[in-house]
Structures are given as structure tokens and as C-alpha cells.
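> Take a look at this one; I'll ask things after.
The values are calculated or read from the model by the stated rules, or taken from the named source; none is laboratory data. Predicted model, so just to flag it, every value in this text is computed and none were measured. Cβ: placed from backbone, ideal geometry, glycine included. Neighbour counts: every protein chain shown. For accessibility, only protein heavy atoms count, side chains too; no ligands or nucleic acids. Shrake-Rupley method; radii C 1.70, N 1.55, O 1.52, S 1.80 Å.
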Amino acid sequence: MPSDSSSVPILIIAIVLALVLVGVLLLHTRVRRKLAHAQGQLVQARQAQEHRTRETSVGHQRLAQAERQAQESAELLREARAQHDLVRAETEHLIAKRIPALLAHLRTPHVIVPGVQNPALAGTDVDKQHRTILDAVTRALREEGERIDEAAQAVIRGAMSRVQTQALRAQDLLAGVQQRYGGDEHTALLREVLGLDMFNELIIRRVQVTGIACGATPGLSRDDTYLVDLMVGAISRVENFEQRIEGPANHLRRRIGVAARAAESILFITAELLANAVHHSYGTLKVTIAVHETNNGAAIVIDDAGVGLNEDQYARATRLLSGIQPTRLVDLGNPPHTGWAAIGRQVAHYGVQVTVKKSAFGGVQAVLTIPTALLVEMPEDSRPSVLAPEPVRATVPAARLEPATAPSRPEPVTARPEPIAAPSRPEPVTAAARVEPAASPERTDTATAAADLVPLPQRRRQSPPRAASGSRPSGGLRTTPEEAQKRWGDFQVGAEAGRREALPTEQHDITEGK
């Protein structure tokens, strides 16, 4: 019995211990479960913390990036504003300075168009765009200027053509008055008429030069004309030519004439060059004119002792007289100087050449070179006018003349006019008159030199059948060459005297300014 009573407490203790152990196990399990849950929460908290940390870091990065972007945007905005202000200032400079300078440059090329105001813009898109604007303005202005200039030239051509026509009609009327009142009893009237005729001639020349400078033709036509006759005609178109022009000196060795298509133009160019020389040779200074034959044609040389030209004026004269570049009315000054521009148009049209340089007298030497294509050899049965100068030849020494032949040899040639040829009445030739002057050295040299020159085109005069030698027409007496020479010479002497007395001494012929 006692063994049973002692096993109960042990069993109870064992049960209690088992219960305690179970409870401890349960508690340990619960504690471990809670600890695991707490660890899970801690892990979650750490993860959340890490997530929040990452989000915060990302937020800081985004904030920093946003701040950088804001700073960059602000910098770009400042640069944009500065660029805008710079472009606006440059555009204002374009409008206020460069475009007005461009307009002035188109009128007077010596004005310089400024570049960009800020050197930092040189070569940039802004500079290129502004240059494009200036080029577009230049093209538009030039095209419009050319259109306006062509219209103005057309108006001037039409007006000058009508004025020239009326002036030529007036010239015909004055010539008729001179013929009707050519007697000695009408000397005073003839003097007045000659003065009016000279002034009308000056009007015709000024109208002609203005029209030619605007693209018109000379307005007159001629037949093939002796070159020396054209020189005489050009001299007669200059005011006070008797006192101011010395010459012309004829150095031609052949019967050279100018083709009909260019005769009036050669006369016009020579007259305008002479008028310039006379106008710029003040006082009583003489202007000399001479004509020479060259291997390539002929040359008219005009020398004056006037004020001369400077380098810029020589450059402008060369440009205008070359006829290469078209000249507009706005380029001729105010008042317009149309002489050189008109000569340049004729030079370009006919292929002649006009050069100017400093003369030996300190003034200007103008040389008109006429090519062979515009020259002709005049017919043998024609002669220059009685006013044309004879060729200049050396005088034969008297010691070389033989006593028997001295009276029959020709006298030294002077500027005295020769009688007009009359082919229908050849004069009888005597034995003494047939003595050949070719034996003289100067005539031999002239013939040799003439043989070396380029042959000129021949012109044959078409004339009706001539009467037999010595025969006279049945209609009445025919004027002999000697009588015609005397009458024409007396008329010209009276005409020149009338012009000298009718014209004032001071110059009124304002021509091209050199």
C-alpha cells in the first residue's frame, strides 16, 4: 500500500510537469510565433524605411534635377532675352544705319555700307539674313531705278527729237534768209542772221548730245564725207571757234573719208571734245586739233591748256568714254553732264576709241581713233570743201629748185582753199603744168609711206554721162570752178566776220564738266 500511495504524487508531479512542459512549449511556440511576427513586422518596417529612404533619395534627386532644370531654364531665358535684345539692336542698326547707307552707296559709290554693329554676330545666321535683306533691297532698287531711268530716257529722247526737228527747220529758214539777203546792202541783217544761226547751231548740238546720252541717234544723215570736212564742221559747232581753236592741221596722206553710217557720229564726237576743251581752257588759251593717219585707221588729236583732270576725273572719264557700262541719268550729276556719256554710247555703237590723258600743255589731250572699217577712200573726181585744210607737207628748199623749172613747180602748200573740181570741164594741160612735183623728197616720202598703209574701201561716184571735153550745156553758161571758189570764199569771209561781231566775247556754251 505504501508503494501505491507514493506513486500518486509522482504521477501528479509528472502530470504537472508535463502540463508545465506543454504550457512552456505552448508559451515558447507562442513567443516564437510572436517573435517571428515581430521580426516580420521589423523586416517590413525596415523595408518600408528603406523604401521611404529610397523614395526620399529619389525625391531629393528629382528636386535637385528640378532645381538644375530651373537654373538651366533661367539661364536659357536670360540668354534668349540677351539674344533677343542683341537681334533687336542689330535690326535697329540695320534700319537706322545700314539701309540708309546702302541707299547713299547706290547714289554715290564712295559711301561705305557699315557691317554688323556687334562683331559677335559676324558670320551668324542673323548676319546672313541681314545681308540677304540688303541684297534684296539692292536688287529691287536697281531694277526700279533702271525702269524709271529707261522711262525718263524715253521721255527725253522724244522731247529732244522734236526740239531737234524744230531747230533744224529753223536752221533751214535762216539759211534761206542768208541766201536771199546776201548782198552788200544787207550786211547788218546778215550779221544778225549769222549770230542767230550760230546760237541755233549750239542749241542743236546741246539737244543732240542730250538725246544721244539717252539712247537716241544723232538725228542727221550724211553721205561718205571727207574726214577733214568733218573736222571743219565740228569746229563750226563750237562757240567762238575763230578765236579759240587753232587748226585744223591735216596730216593725212590719202583721200580719206568716213563712211556714211558713221560720218555724223564722228562729227558729233569731235565737236563735243572740242567744246569741252574750249570750255575748260579759260581766257584766250588756244585749243589745237589735228588729224593723223595710222596703220589701223585715222586719229583726231585735240590738245588744250586748260585746268586738266585729277585721278578720279580721269578714271570717271575713262569709264564713261569706254561705253562698256550703261550710264543712267542719275549718274550724270546735277545738272547732268551728258557729253562723255553721249560719246561713250557712240563709241560702243561704232567701235571707235576715245582716250584722254594729260597734254604737253598741262591740260587734257583727247584722241579719237577711227578704225579702218569706218573709213573709205574718196573718189578721184571729188574734192573736200574749200574750207578744208590742205595736207601739211615740208617746204622744199629754194636752193634745190632749178632756175628753168622753178616758176613751173608748185608753191609750198598752205591752208588756202582749193577750187571745187568740175569734172565736166577739164582745163587744158600745158607742158609746164605737167612738170611732176614727185621729184621732190617730201612727195616721194609721202607716196612711199602711203603705199605701206592699209588700203581703204573704194567709193565710186555714180554720175550721169558727162558732156564732151570743152562742151557747154545748151541751157546757158556754167559757173567755172574759179568763180565758185571766189563766191563761196567771199560768203564764208562775210559769214565769219558776221559771227565774230554778232557773238559776245564771254562763253555761254556750258558743256560736259571734266
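> With each label point set 7 Å from Cα along the Cα-Cβ vector, what nm distance links residue 385 and residue 12?
That separation, rounded to one decimal, is 17.9 nm.
> In Å², what does the accessible area per residue of the stretch 24-138 work out to with a 1.4 Å probe? Kindly include the intermediate steps, with their values, before the conclusion.
Numbers: 8950 Å² over 115 residues.
Ligands and nucleic acids excluded, the figure is 78 Å² per residue.
> Whole percent per 5 Å bin, from 0 to the bin with the longest distance: what is P(r) over all C-alpha pairs of the stretch 55-109?
Binned Cα distances yield the sequence 6, 15, 12, 10, 10, 8, 8, 7, 6, 6, 4, 4, 2, 2, 1.
> Roughly how many percent of the accessible protein surface of the stretch 1-104 is carbon and sulfur, given a 1.4 Å probe and a whole-percent answer?
So the carbon and sulfur contribution to the accessible surface is 65 percent.
> Cβ neighbours within 10 Å, averaged per peptide: list 334-346, 377-389 in order, most packed at the top. Mind showing how you got there, number by number?
Numbers: 334-346: 21.7, 377-389: 17.8.
My ranking of the peptides, most packed first, is 334-346, 377-389.
> Taking amide H positions as placed in the peptide plane 1.01 Å from N, state which residues far from residue 258 in sequence (5 or more) or on other chains have amide H under 5 Å from it.
So residue 258 has HN proximity to 225, 226, 227, 376.
> Further question on the same structure: So what J values fall out for the stretch 111-128 if you push phi through Karplus, 6.51 cos²θ - 1.76 cosθ + 1.60 with θ = phi - 60°, rounded to Hz, Gly and Pro as x?
6, 9, 7, x, x, 5, 6, 9, x, 5, 8, 4, x, 7, 4, 5, 4, 5
> Residue 353's amide H: which non-local residues (gap 5+, or another chain) put their own amide H closer than 5 Å, with H modeled 1.01 Å from N in plane and none for Pro or chain starts?
369
> Just subtract the alpha-carbon distance of residue 78 and residue 52 from 0.36 nm times their residue separation and send over the number in nm, one decimal.
Working: separation 26, 0.36 × 26 = 9.36 nm, distance 3.76 nm.
Stretched out fully, the residue 78 to residue 52 stretch lengthens by 5.6 nm.
> Taking Cα pairs under 8 Å and at least six residues apart, what relative contact order does the stretch 301-363 come out at, in percent? Each step should come with its number before you reach the end.
On the way: 61 pairs, mean separation 32.9, N = 63.
52 percent.
> For the stretch 248-395, state the semi-axes of the equivalent ellipsoid (square roots of 5 times the eigenvalues of the alpha-carbon gyration tensor), sorted largest first and rounded to whole angstrom.
Whole-Å semi-axes of the equivalent ellipsoid: 27, 20, 13.
> Another question, if that's okay. Taking amide H atoms as placed 1.01 Å from N in the peptide plane, list the residues 5 or more away in sequence, or in a different chain, whose amide H sits under 5 Å from that of residue 294.
299
> Turning to a different aspect of this structure: Please compute the net charge surrounding residue 61, taking Lys and Arg as +1 and Asp and Glu as -1 over other residues with Cβ under 11 Å from its Cβ. Working shown, then result.
Working: positive: 54, 62, 68; negative: 55, 67.
Overall, the nearby charge balance is +1.
> Using the Kirkwood radius over C-alpha pairs as Rh, can you work out the diffusion coefficient of the stretch 82-164 via Stokes-Einstein at 37 °C, viscosity 0.692 mPa s, in µm² per second?
Approximately 220 µm²/s, per Stokes-Einstein.
> Taking the convex hull of the Cα atoms, report for the stretch 17-145 its projected area averaged over all directions, in nm². Mind showing how you got there, number by number?
Working: hull surface 52.9 nm².
Averaged projected area of the stretch 17-145's Cα convex hull equals 13.2 nm².
> Going by average Cβ density within 10 Å per residue, which order do the peptides 284-297, 96-109 take, highest to lowest? Kindly include the intermediate steps, with their values, before the conclusion.
Details: 284-297: 17.4, 96-109: 14.1.
Top of the packing list down: 284-297, 96-109.
> Follow-up question, since we're still on this one. Spin-label point model (7 Å from Cα, Cβ direction): what's the residue 184 to residue 150 distance in nm?
Each label point lies 7 Å from its Cα, and together they span 6.3 nm.
> Given a cut-off of 13 Å, what percent of all Cα-Cα pairs of the stretch 209-248 lie beyond it?
On the way: 504 of 780 pairs.
Summing the P(r) tail past 13 Å for the stretch 209-248 gives 65 percent.
> Let me ask something additional. Provide, for q = 0.24, 0.26 Å⁻¹, the log10 of I(q)/I(0) from a solvent-free Debye sum over equal Cα point scatterers in the stretch 151-228.
Rounded to two decimals, the profile gives -1.04, -1.10.
> Compute log10 of I(q)/I(0) for the stretch 149-306 with the Debye formula, placing one identical point scatterer on every Cα and leaving out solvent, at q = 0.12, 0.16, 0.17, 0.19 Å⁻¹, to two decimals.
The Debye formula, applied to the Cα set alone, gives -0.62, -1.04, -1.13, -1.26.
> Output the peptides 160-170, 68-78 sorted from most to least packed, where packing is the average of other Cβ atoms within 10 Å over each peptide's residues.
On the way: 160-170: 15.6, 68-78: 10.1.
Top of the packing list down: 160-170, 68-78.
> Same structure, new question: Residue 243 label point, 7 Å along Cα→Cβ, cut-off 19 Å on backbone N: hits in the stretch 259-280?
274-280
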